[in-house]
1. For segment 161-182, give me each residue that is part of a helix (DSSP H, G or I) and surrounded by fewer than 18 Cβ atoms within 10 Å (Cβ to Cβ).
2. For segment 174-191, enumerate the residues that are farther than 18 Å from Arg202 by Cα and touching a residue at least 40 places away in the same chain (Cβ under 8 Å).
3. Every residue in segment 136-155 that is surrounded by 15 or more Cβ atoms within 10 Å (Cβ to Cβ) and either in contact (Cβ under 8 Å) with a residue 60 or more places away in the chain or out of contact with any helix residue (DSSP H, G or I) (no Cβ under 8 Å at 6 or more places or on another chain) (or both), please.
4. Return yes or no: is Leu77 closer than 18 Å to Ala178 by Cβ and free of Cβ contacts under 8 Å to residues at least 60 places away in the same chain?
5. Go over the candidates Arg125, Arg118 one by one and state the one that is outside any loop (DSSP other than H, G, I, E, B) and either surrounded by 15 or more Cβ atoms within 10 Å (Cβ to Cβ) or within 15 Å of the chain's Cα centre (by Cα) (or both).
6. Being part of a loop (DSSP other than H, G, I, E, B) and not small (Gly, Ala, Ser) is the filter; apply it to segment 144-160 and report the residue that is farthest from the chain's Cα centre (by Cα).
7. Which ones in segment 55-66 are in a helix (DSSP H, G or I) and surrounded by fewer than 18 Cβ atoms within 10 Å (Cβ to Cβ)?
8. Which of the following residues is assigned to a loop (DSSP other than H, G, I, E, B) and of a type in the set (A, V, I, L, M): Leu40, Leu32?
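No value in this document is a laboratory result; all are computed from the given coordinates. Bear in mind that the values here come from a model prediction, so they are computed numbers and not experimental data. Quick reminder, even Gly has a Cβ in these numbers, built from the backbone with ideal geometry, and neighbours come from all protein chains shown.
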Amino acid sequence: MPLPRPAGSSVLAPAALRAPLEAGLRALGQILPEDAIERLLAYLAELHKWNAAYNLTAIRDPRQMVTRHILDSLAVLPLMRGRVLDVGAGAGLPGIVLAIGDPALHVTVLDSNGKKARFMRHAVRSLTLANVEVAEARVETYAAAAPFDRIVSRAFASLSEFVTLTASQLAPDGHWIAMKGRLDSAELAAVPANVTIREIRRLRVPGLNEERHAIIAARTP
């Protein structure tokens, strides 16, 4: 059953967020497609409006959403290619943002939460995102038609659980991209023997004075 549109929630003025978004993109050194900024602002407006009724994210301040959701997601855009699976996508983070940032990507956003999956379907329709597929399923039972070049997660689970649950979905030459805050040496050491951490990249998210990292892993040769 579709979620009703939220009633009584104020519509966010996208123009107020354009300047911090554009400044953040300059700081990231990213040049997005011509219509990407408009789509990102439209996505933010929908997320802000629906969040008031359906608690899709703990971040309430739209300016914080620019930093903590949009720019944080775009920080890993250079690591993406081909078919991308976003596990535990929530409201579409980072998957929908990545798909807007690079229309050449084909992104599947996966989440078992019905409210969040319905919101993502609404966002995909509203923004006419032909390169996004929404999958409402648990990762343990999800079966894609073809493997993925990149599997990304943003605070989905421990690194070991993330790679173990998604191993069957990764292409032979694919990579896992786990987005993390402060690194945990015990978590890194617990990675299965058949998985190799290729790189740990420090992410610098404009406006965010917190540790952010991308852990890049692949199957052990």
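1. Step one: list which residues in segment 161-182 are part of a helix (DSSP H, G or I), which gives 161-169.
Answer for segment 161-182, where residues must be part of a helix (DSSP H, G or I) and surrounded by fewer than 18 Cβ atoms within 10 Å (Cβ to Cβ): Glu161, Thr164, Ala167, Ser168.
2. Selection gives Gly174 alone.
3. Within segment 136-155, Pro147, Phe148, Asp149, Arg150, Ile151, Val152, Ser153, Arg154 qualify.
4. Numbers: closer than 18 Å to Ala178 by Cβ: yes; free of Cβ contacts under 8 Å to residues at least 60 places away in the same chain: yes.
It is true that Leu77 is closer than 18 Å to Ala178 by Cβ and free of Cβ contacts under 8 Å to residues at least 60 places away in the same chain.
5. Numbers: Arg125 fails: either surrounded by 15 or more Cβ atoms within 10 Å (Cβ to Cβ) or within 15 Å of the chain's Cα centre (by Cα) (or both).
After applying the criteria, what remains is Arg118.
6. As a first pass, look at segment 144-160 and keep what is part of a loop (DSSP other than H, G, I, E, B): 144-147, 155-158.
Pick out the ones that are also not small (Gly, Ala, Ser) and you get 147, 156.
Working: Pro147: 18, Phe156: 11 Å.
Filtering first and then ranking leaves Pro147.
7. At the first step, the residues of segment 55-66 found to be in a helix (DSSP H, G or I) are 62-66.
Of everything in segment 55-66, those that are in a helix (DSSP H, G or I) and surrounded by fewer than 18 Cβ atoms within 10 Å (Cβ to Cβ) turn out to be Arg63, Gln64.
8. Leu32
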